[in-house]
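No value in this document is a laboratory result; all are computed from the given coordinates. Small disclaimer: the values here were computed from a predicted structure and weren't measured. Virtual Cβ from ideal backbone geometry, glycine too; neighbours counted across all protein chains shown.
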Amino acid sequence: MNNKIFALIGPHSAGKSTLLTKLMDMGIAYIPTYTTRNPTPQDMNSRTINFISKSGFFKDEWIVKVTYKGEYYGILKRDMLNALKDHKISVCMLDINGVKQVKKFLNQNLETIFLMVDYVTLVDRMLRKGYNNTDMKYHLEYAENNGEFDNWKISNHVVKNTGSVEKGLAQILAIMGLSVTAPRSVIDKL
């Protein structure tokens with residue numbers, strides 16, 4: 001079996017960072033995302049994004065380089081290649097443009113997992129994060145206008161992520177092959 005990179009994709013507040021953090025806590029290798037944007041209050045405890053200056057951003061070699069709201073986001077080429085070399089399974093966060101960039105080089109090693117959510121779930125999550133109506137409207141319109149809700153059509157896997165974090169995590173672990181079947185005697189005792 002080839003070493004695999006599983007990329008979580010989905011609209012803003014679909015649960016990518018939350019699920020990535022859970023996977024990292026389990027010891028699964030994470031390929032970090034870097035950005036030139038300024039940290040927000042929501043970033044205070046985030047382990048899924050690293051901040052870099054614009055001048056620093058242009059000094060490195062990126063396998064993924066995208067822009068969003070005038071800021072740059074990327075994944076370092078060396079981070080992705082090292083993850084493939086050193087780990088059977090790694091995870092990262094991508095948007096659809098990042099998926100296209102990675103597939104050019106590592107198509108057989110990349111599996112995409114689309115986190116499917118509905119508008120009600122997205123609004124609820126953004127409200128709990130402290131977003132105002134203007135920011136929520138922007139993120140929902142951006143997702144709609146850029147076809148983010150349709151990216152399930154081009155993904156390898158789809159996880160319905162409208163319930164608990166544990167349910168979403170269990171689905172992702174099963175996709176990664178990180179679950180085992182139990183003998184009937186164990187199942188009977190549950």
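Among the listed values (1) 139; (2) 119; (3) 172, the one matching volume of the Cα convex hull per residue in Å³ as calculated from this structure is (1). Summarising the amide proton neighbourhood of residue 4: residues at separation of 5 or more, or on other chains, whose placed amide H is nearer than 5 Å comprise 89, 90.
If the chain between residue 104 and residue 49 were fully stretched, how many nm would it gain, using 0.36 nm times the residue separation less the Cα-Cα distance? Don't jump to the answer; show the numbers that get you there.
Numbers: separation 55, 0.36 × 55 = 19.80 nm, distance 2.35 nm.
Contour length minus Cα-Cα distance gives 17.4 nm.
With the simple spin-label model, which puts each label point 7 Å out from Cα in the Cβ direction, the residue 145 to residue 25 separation comes to 3.6 nm.
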